[in-house]
Structure formats: C-alpha cells, structure tokens
Ligand SMILES: [Cu+2]
C-alpha cells in the first residue's frame, strides 16, 4: 500500500516535471461557485527547491513563466465541513484535532489527506480535482506572493547565512490569530482568491527538487524527493507529506507555518491526459 | 477552589503561629546593598569575585498571580510568579553575604504564599517564616554559607507542587568570594550569564481535547491537580513560554566569548544540551565547592536543583539549547536558541562535498568492502 503510494507519487512528479508546451482550446466546464478561472498570462516565478552552480549554492532563478492554459482553482480553501463529508464516506482519514467549525477552512491536514480528498472529489463529481502545482499556486496567488530570496550559504563560512536566515525568519510577521478564521477574513486578491497568505499555508503537488544550474541557465534536476512537497502561503516552505501540524518544528525552525490546509484545481475530464498537465514554460533569466 | 475569604481566614492563624517581630532593629553591623532584580534570562550586574567583605544584600520579590500565554497557539495559563516572570529572577550574592528578602503579597492576589530557599539553613528554607497573605509582606534574612546555584520556590502547606508548577521558582547563585575555579584552582570567568529556568506545565483539557482556561488561579486548581497527578506535562518550557528564548528573543553571544548558563528545574529532571557545542566546565549539581566536570555533551539537572555550565563559543551560527529529552524539546517546548556572531573556522568543520548524486567508486561503504578484499 505504502509502496503503491510512493510509485504513484513519483509518476505524478515525473509528469509534472517534464516541460510540455501546450496549445489549449477553450472547453466548457462544470460550474461551481467556488471555482475561479484565471486566463494564462506571463508571470514572475522563482523556482522552488535547492540550487547549485559549479558545486556551490546558488540563488533560485527568477523566471518569466506562462501556464499552458487558463487555470480553474477554488477561490477559497477547502472547509472543515467539506473535508468531514469525505471522512464520513470513509475516503479521507478522520482527523482528531480537526477544525471545530464546519464553515471555516480545514486545517491540520497532511498532503496525503489533501490528496485523498481530491481523489474523493474526482470520483464524486467525475471532474478531475487535484492540488495545484507550485507554479499554478504562485500564478493564482498573484500580488499575494512574497518573493523571499533567503541569503545563500557560503561553504567557507556557512554560519553567516544561517544567522541572516534565522533573523529573516524571526522578523516575519506572524498571523495574529492561529485558529482558522471565517472564509474571507484575510481578504481577496486580484484574481478573486480568498485568504491567500493568511494564517493557513496550502499544500501543492510539487516535489522537493535539488537542481544544478547549467552554464546555459537551464536547471537540471539532480534529486527529486516527493516525500517532501512545496507548501505555500505567507512564505514558501517544504514539508514532509505526512505532517499535519507544522508547528511541531522545534530545533532549527525559525517561523514554521501556522496551519496546513489546501485548495484544489479542477480540470475537465474530456481533456486528453497529457493536456491536463498544466506546466510552466521557462525562459532562462 | 480557594476563595479570598478562606485565604483571609488563614491570616489570623498564621499570625498566631508565626509570632516574629516584623522589623527588629538591625543586629548586624554590616554594609547594606539593595539590588534591583532583572527578569530572566538576564541577571542583575554583579562582581564575579570580590575583595570586599560580607554585606547584607537586599532583594524585593513581589508575588504576582496573573494570566499568561504559554505557547504560540495562545494557550492561557493561570500563573503564580515571583516578580511577574517564570522563572523568578536570578539573585547573585557571595559566600558569607546575608540575603535579605522582602517578600510582598499584594492585596490584588487571591492566595497565601511563602518562599523556601534551598541555599538557606533552617525553618524549611525560610518557608515556615514567610507565609504572607494578600495584603502582607515579610522580611527574611539568611546567611549564604554554601556556594553554588540553588533553587528557591513557594511552598505553602498542602499546595507546594501546584504553586511550583504554576511558576513559583527561581534561583539564587552564591559565588565564592574569590570567584569560580577549575579543578586545578585556576580562575574561571564568564563574559555573559544567561539564566534558563525550566517549567513543566500541566494544562487541563476539555472533552474535545482543547486546553481549558480559567478566570482565576483558584478555579484552575482541581483540574490542574488531576493532570499533575498523571505526571505527564502538557508543556515543558524555558522562561515561561514555548519559544520565549527563540527568534527575536534568542540569546546572543560571539565567537571567543565565554557564557555561563544557569539552568534550574524545581520539580522534574532535565538534561540540558547545547546542539553544536559543549559544556567546557559544568557544575552539574551546581555546587561550586566541587570541581567542575569538563567537556560534557549533556548534563543532568535533578528536579529541585539548579546547575551551571561554562562554554566558550568557537564557531558562529545558530545553536539550539535543549532539554535532550527531544520529545520535550520539540513537542513540548523545551528549546532555546543562541545566535553567535563571528568568523567560521573551517578547521573545526567543513562541508567537504555538498549533497549530490551518489557517485560510484567514491567513498561509499560498499566500495570500502570491495577494496579490502
Ligand atoms: Cu505560592
């Protein structure tokens, strides 16, 4: 069971990682009031993961990106009540410390829980539901994205970067309330998305990648770890997929996310499988 | 539940039993020095060694019952404190000095309190002579006859553990008059001192598993006692709160600087460890007449004692100072950080090869086996 899950995760990752340029024709979609469609347009994207150049740590490249098609994404996070229906169906793990109020966003979910919910939604509706990739999340989050290039670790004196990173993390604004707030409490962004960068961080489907930057500027993946996923919110971070409470970070953590939740992307089932993979096309920058 | 009324009834009884003249004429012909206490992790200015003769050192402790927040989730806790901090302040004197403490229990409190100094001799460490009801104060003087770091704590009959795990402990450090020494008798000094007081907290939960909060400290008593009796703390914290000594409040130092860390735990065993560093000289039991142990990785603080460790930082960066029961450190809160400035020493540590693909034929265990055949 665990093995099967791993293989599946790796396959998903492989597909997501391969850049495919697409031309997309507009298709009719099932209407859901919680879904916002955002037309593709170029955006700035700082690659996620760990980068090196000539064996030395390098800053994550900032690229001009373009999704291959418009994206249909929930304008709010999945609520506790919605998740509870999946749990009642026996398709999502029951979470003991789940949010008390059904109409508020679900928190305390792992990537695995969120993925189980997406699969349940897919089966129930016949429309593919999945977590967004990091690129999709950044695109949809728009102005709410905090592009935070943390100082680089210099192998000759790694401590300076640790101290600078520690201070940067310590200086991050912390959300006033840690409990889930009513939907919309953290405002709406220019794409109509609610509560982006509030007190809930959101799981993405993107795996943790270690990459080498080639002289051409291309990023070559040297290690893919799909046991760790990119988590997005007031800052970007990386979390092991079974973690539900990000605050149990202790020793090295400066400022971990307050809560883990998620929102989903929907795709039309009658698209060919490959066309469903929305990818960013990168130009070296 | 202890109401104000019951507390006041106790006044009359206490007054009869403890018939001590409140302010007797001073029978000691010694110079006096009043010291203003400082909230942990800091300590009031003091000499590490002194050429002066013994003095009467005056301290004032004001007991404050108050609601505090003990974690980042905002869990509220009915605390009882000396001078408003958990732990109470560190008091530093020298061997032969007289410690004269004015213990004030303001009218605004609900509970009687007292103080037991582990460094003092007789009368339950002063506990039997210091019962004060709300609206009272008491002055106790005791002679510092032994050197070392010693706990003080509140110790009212029948409720000692509850007062202690509600925050009422601190530390007295009695320094040798000629300062600290190593095993060979060479003087040891510190550039900075940090006082880390550890508290185990027992916060009751409701049926849904949420932490309960109470209007007053008295109302929390029954439920808290029930949790205490199971001996499993819900929080183990340094300086009164999860994260009180991390981030912007991380302790600081620099390479080449010698730091003394005084660590107290009034109720439960702890095992401090500096991740990435050591204890150069450690008085594990905190008593300076015994030579310090050297080069420790982790030291043991017995519940009901305070210990002291000296360390000279040799490498810059972020250090975690933890209770090395790592479940308590990471899950329950017993983690502090040091931020140390300075220049990295590649001789002490160097990343020879950054993380990368596993290369065949290069320094892997499997290859080593092949080569030896
Ligand atoms: Cu007390």
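The values are calculated or read from the model by the stated rules, or taken from the named source; none is laboratory data. What you are looking at is a predicted structure, and each value in this text was computed from that prediction instead of being measured. Neighbour counts are summed over all protein chains in view; Cβ atoms, including those assigned to glycine, are modelled from backbone coordinates with ideal geometry.
Restricting B:243, B:167, B:197, B:158 to residues that are within 16 Å of the ligand (Cβ to nearest atom), surrounded by 17 or more Cβ atoms within 10 Å (Cβ to Cβ) and part of a loop (DSSP other than H, G, I, E, B) narrows the list to B:167.
Applying a threshold of 6 Å to beta carbon distances and a minimum spacing of six or more residues, or different chains, the list of pairs starting in region B:142-171 at a residue that is free of Cβ contacts under 8 Å to residues at least 12 places away in the same chain and ending at one that is within 8 Å of the ligand (Cβ to nearest atom) is empty.
The single residue among B:50, B:75 that is within 27 Å of residue B:204 (Cα to Cα) and touching a residue at least 60 places away in the same chain (Cβ under 8 Å) turns out to be B:75.
Yes or no, residue by residue, for (1) modelled with pLDDT of 95 or more; (2) surrounded by 16 or more Cβ atoms within 10 Å (Cβ to Cβ):
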{"site": "B:264", "(1), (2)": "yes, yes"}
{"site": "B:289", "(1), (2)": "yes, no"}
{"site": "B:306", "(1), (2)": "yes, yes"}
{"site": "B:340", "(1), (2)": "yes, yes"}
{"site": "B:369", "(1), (2)": "no, no"}
{"site": "B:373", "(1), (2)": "no, no"}
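Listed by position, the strands (runs of 3 or more DSSP E) inside region B:41-137 whose residues that are within 17 Å of the chain's Cα centre (by Cα), within 16 Å of the ligand (Cβ to nearest atom) and crowded, with 23+ Cβ neighbours inside 10 Å number at least 1 are B:56-69, B:76-82.
Checked against (1) assigned to a helix (DSSP H, G or I); (2) buried (at least 17 other Cβ atoms within 10 Å of the Cβ); (3) more than 14 Å from chain B (Cβ to nearest Cβ); (4) in contact (Cβ under 8 Å) with a residue 24 or more places away in the chain, residue A:109 passes all but a single condition, namely (1).
Listed conditions (1) over 17 Å from residue A:108 (Cα atoms); (2) under 15 Å from the mean Cα position of the chain (by Cα) are all met by residue A:163, apart from (2). Looking across region B:138-155, the residues that are assigned to a loop (DSSP other than H, G, I, E, B) and either buried (at least 22 other Cβ atoms within 10 Å of the Cβ) or touching a helix residue (DSSP H, G or I) at 6+ places or on another chain (Cβ under 7 Å) (or both) come down to B:144, B:147, B:154, B:155. Reported count of residues in region A:121-142, each being part of a helix (DSSP H, G or I), more than 16 Å from the chain's Cα centre (by Cα) and in contact (Cβ under 8 Å) with a residue 40 or more places away in the chain, is 2. Restricting attention to region B:249-264, does a residue exist that is over 29 Å from residue B:344 (Cα atoms), more than 12 Å from chain A (Cβ to nearest Cβ) and either in contact (Cβ under 8 Å) with a residue 24 or more places away in the chain or touching a helix residue (DSSP H, G or I) at 6+ places or on another chain (Cβ under 9 Å) (or both)? Yes, because at least one residue in region B:249-264 is over 29 Å from residue B:344 (Cα atoms), more than 12 Å from chain A (Cβ to nearest Cβ) and either in contact (Cβ under 8 Å) with a residue 24 or more places away in the chain or touching a helix residue (DSSP H, G or I) at 6+ places or on another chain (Cβ under 9 Å) (or both). Being in contact with a strand residue (DSSP E or B) (Cβ under 7 Å, 6 or more places away or on another chain), in a strand (DSSP E or B) and more than 19 Å from residue B:241 (Cα to Cα): is that true of residue B:336 here? Considered against the rule, which asks whether it is in contact with a strand residue (DSSP E or B) (Cβ under 7 Å, 6 or more places away or on another chain), in a strand (DSSP E or B) and more than 19 Å from residue B:241 (Cα to Cα), residue B:336 comes out as no. Taken together, B:327, B:318 contain a single residue that is surrounded by fewer than 22 Cβ atoms within 10 Å (Cβ to Cβ) and in a strand (DSSP E or B), which is B:318. Between B:143, B:181, B:186, B:208, the distinction of being more than 16 Å from the ligand (Cβ to nearest atom) and within 14 Å of another protein chain (Cβ to nearest Cβ) belongs to B:208 only. No other residue among A:217, A:192 is part of a loop (DSSP other than H, G, I, E, B), more than 14 Å from chain B (Cβ to nearest Cβ) and modelled with pLDDT under 90 apart from A:217. From the list A:80, A:68, A:84, which one is touching a residue at least 24 places away in the same chain (Cβ under 8 Å), under 23 Å from residue A:118 (Cα atoms) and surrounded by fewer than 20 Cβ atoms within 10 Å (Cβ to Cβ)? Only one candidate passes the filter, namely A:68. Counting only residues that are farther than 18 Å from residue A:204 by Cβ and part of a loop (DSSP other than H, G, I, E, B), region A:78-94 holds 6 of them. Only residues that are in contact with a helix residue (DSSP H, G or I) (Cβ under 8 Å, 6 or more places away or on another chain) and at the interface with another protein chain (Cβ under 8 Å from one of its Cβ atoms) were counted in region B:329-353, giving 8.
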